[in-house]
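*Asks:* If you scroll down you'll find the structure; I have some questions about it.
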């Protein structure tokens, strides 16, 4: 019996022992890791008109053309070539993201990463590597895992490219907390260092993180990666903060 057939029967056996269930509410589902319809509908997915560059959702009722840009991207202040987010950071996404990030609920990674792949659907990008935003060693030791790495695995698989875990290192600094956007950009300045520039040179890089608040983390990573010779830099997150107009 071939290895492929053995794996098929083994997966069926596991499915019999552990039936697929929604990772949030435990309702029955068809595939391990996917959400049930009720839980899926609770998220504010970004599926309407948005900025062509950073994916920032436009207000309801606004009907821009396909290449419309938000004020930040129109002014040329976005450091990345493209950014996308699966959903808006609100009570629902926070109730998933915080336990995933700080509480060991790593079972959320599969549906979160799948949603992030879905968020990239309108971009014809061909990254050479997927790079999770690194944690400082002290924080990695405290938490036990890097949540961005967990999200990056399925995304890298979807693009059939490797994950780069070690080309960029991060210095430890206290959490940014409730800092203003300007303070966030200043706080993270100089925190990243490219350890292996030869792995970055001329590469198209897809950065992965869990949440984007001000964009300071992506912007600083993009700055050091471009200095190391990266060709193009994209970013994707599960959720992003959207300011009320």
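*Asks:* Which condition breaks for residue 80 when tested against (1) loosely packed, with under 15 Cβ neighbours inside 10 Å; (2) in contact (Cβ under 8 Å) with a residue 40 or more places away in the chain?
*Replies:* With respect to (1) loosely packed, with under 15 Cβ neighbours inside 10 Å; (2) in contact (Cβ under 8 Å) with a residue 40 or more places away in the chain, residue 80 is out only on (1).
*Asks:* Only one of 215, 190, 144 is modelled with pLDDT under 95 and touching a strand residue (DSSP E or B) at 6+ places or on another chain (Cβ under 8 Å). Can you tell me which?
*Replies:* Exactly one residue qualifies, and that residue is 215.
*Asks:* Determine which single condition residue 209 fails, assuming it passes every other condition in (1) farther than 28 Å from residue 57 by Cβ; (2) surrounded by 16 or more Cβ atoms within 10 Å (Cβ to Cβ).
*Replies:* With (1) farther than 28 Å from residue 57 by Cβ; (2) surrounded by 16 or more Cβ atoms within 10 Å (Cβ to Cβ) applied to residue 209, the lone miss is (1).
*Asks:* Tell me, please, whether a residue that is in contact with a helix residue (DSSP H, G or I) (Cβ under 6 Å, 6 or more places away or on another chain) and modelled with pLDDT of 95 or more can be found in segment 164-184.
*Replies:* Scanning segment 164-184 turns up at least one residue that is in contact with a helix residue (DSSP H, G or I) (Cβ under 6 Å, 6 or more places away or on another chain) and modelled with pLDDT of 95 or more.
*Asks:* Does segment 91-100 contain any residue that is modelled with pLDDT of 95 or more, within 17 Å of the chain's Cα centre (by Cα) and not in a helix (DSSP H, G or I)?
*Replies:* No: segment 91-100 contains no residue that is modelled with pLDDT of 95 or more, within 17 Å of the chain's Cα centre (by Cα) and not in a helix (DSSP H, G or I).
*Asks:* Being surrounded by fewer than 16 Cβ atoms within 10 Å (Cβ to Cβ) and either touching a residue at least 12 places away in the same chain (Cβ under 8 Å) or closer than 18 Å to residue 205 by Cβ (or both) is the filter here, so list the residues in segment 177-192 that pass it.
*Replies:* Passing the criteria: 181, 189, 190.
*Asks:* Let me ask something else. Out of 48, 55, 33, I need the residue that is under 25 Å from residue 237 (Cβ atoms), in contact with a strand residue (DSSP E or B) (Cβ under 8 Å, 6 or more places away or on another chain) and at pLDDT below 90. Which one?
*Replies:* 48
*Asks:* For segment 73-90: of the residues being farther than 15 Å from residue 209 by Cβ and modelled with pLDDT of 95 or more, which is nearest to the chain's Cα centre (by Cα)? Please lay out each step first, then the result.
*Replies:* Step one: filter segment 73-90 for residues farther than 15 Å from residue 209 by Cβ, giving 73-78, 81, 88, 90.
If we keep only those that are modelled with pLDDT of 95 or more too, we end up with 81, 88, 90.
Details: 81: 15, 88: 13, 90: 16 Å.
Applying the filter and picking the extreme gives 88.
The values are calculated or read from the model by the stated rules, or taken from the named source; none is laboratory data. Values in this document were obtained by computation on a predicted structure and should not be read as measured data. Quick reminder, even Gly has a Cβ in these numbers, built from the backbone with ideal geometry, and neighbours come from all protein chains shown.
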